[in-house]
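J.: One structure is given below, represented as structure tokens, and several questions about it will come after.
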Amino acid sequence: MKILAVCGLGQGTSLILRMNIEDVLRELGVDAEVDHMDVSAAAAEKADMIVASPQLAPLLAGHKAKVVVVNSYLNKAEIKKAIQENL
């Protein structure tokens, strides 16, 4: 499984989200490749799941991956719940 952590510029915020997703996946015992990038790059990237904010999710409409929306990239409980609901 490939998961993308997405933010507007693909720099710091998506990296924080990526680390939190990796922590959650370890906790859940799920093996996945997690990468971080900007929303434009993610639109062209192959993935199974994309985690993005409510503001960025519409830009990924039509992508073959499941687009999972989280409000806070820092809230591991929210990230965990969103990922569990979309596995």
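The values are calculated or read from the model by the stated rules, or taken from the named source; none is laboratory data. This is a predicted model, so every value here is computed, not measured. As a convention, Cβ positions derive from the backbone with ideal geometry for all residues, glycine included, and neighbour counts pool all protein chains shown.
J.: Before we move on, is residue 37 more than 16 Å from residue 87 (Cα to Cα), modelled with pLDDT of 95 or more and surrounded by fewer than 19 Cβ atoms within 10 Å (Cβ to Cβ)?
T.: No.
J.: Can you pull out the residues in segment 44-61 that are crowded, with 16+ Cβ neighbours inside 10 Å and either farther than 11 Å from residue 3 by Cβ or among the small types (Gly, Ala, Ser) (or both)?
T.: 47, 52, 53, 56, 57, 59, 60
J.: Assigned to a strand (DSSP E or B), free of Cβ contacts under 8 Å to residues at least 24 places away in the same chain and either within 18 Å of residue 2 (Cβ to Cβ) or not aliphatic (A, V, I, L, M) (or both): is that true of residue 67 in this structure?
T.: Here the answer is yes, as residue 67 does meet what is asked.
J.: Anything in segment 38-54 that is without any contact (Cβ under 8 Å) to a residue 40 or more places away in the chain and either at positive phi or in a loop (DSSP other than H, G, I, E, B) (or both)? List them, or say none.
T.: Once the filter is applied, which keeps residues that are without any contact (Cβ under 8 Å) to a residue 40 or more places away in the chain and either at positive phi or in a loop (DSSP other than H, G, I, E, B) (or both), segment 38-54 yields only 54.
J.: Can you go through 79, 83 and tell me which one is modelled with pLDDT of 95 or more, part of a helix (DSSP H, G or I), touching a Ser or Thr at 6+ places or on another chain (Cβ under 9 Å) and surrounded by 20 or more Cβ atoms within 10 Å (Cβ to Cβ)?
T.: 79
J.: Restricting segment 39-83 to residues that are touching a helix residue (DSSP H, G or I) at 6+ places or on another chain (Cβ under 7 Å) and among the polar types (S, T, N, Q), which is nearest to residue 21 (Cα to Cα)?
T.: Ranking the candidates gives 72 first.
J.: Something else now. Do we find that residue 4 is modelled with pLDDT of 95 or more and crowded, with 20+ Cβ neighbours inside 10 Å in this structure?
T.: Yes.
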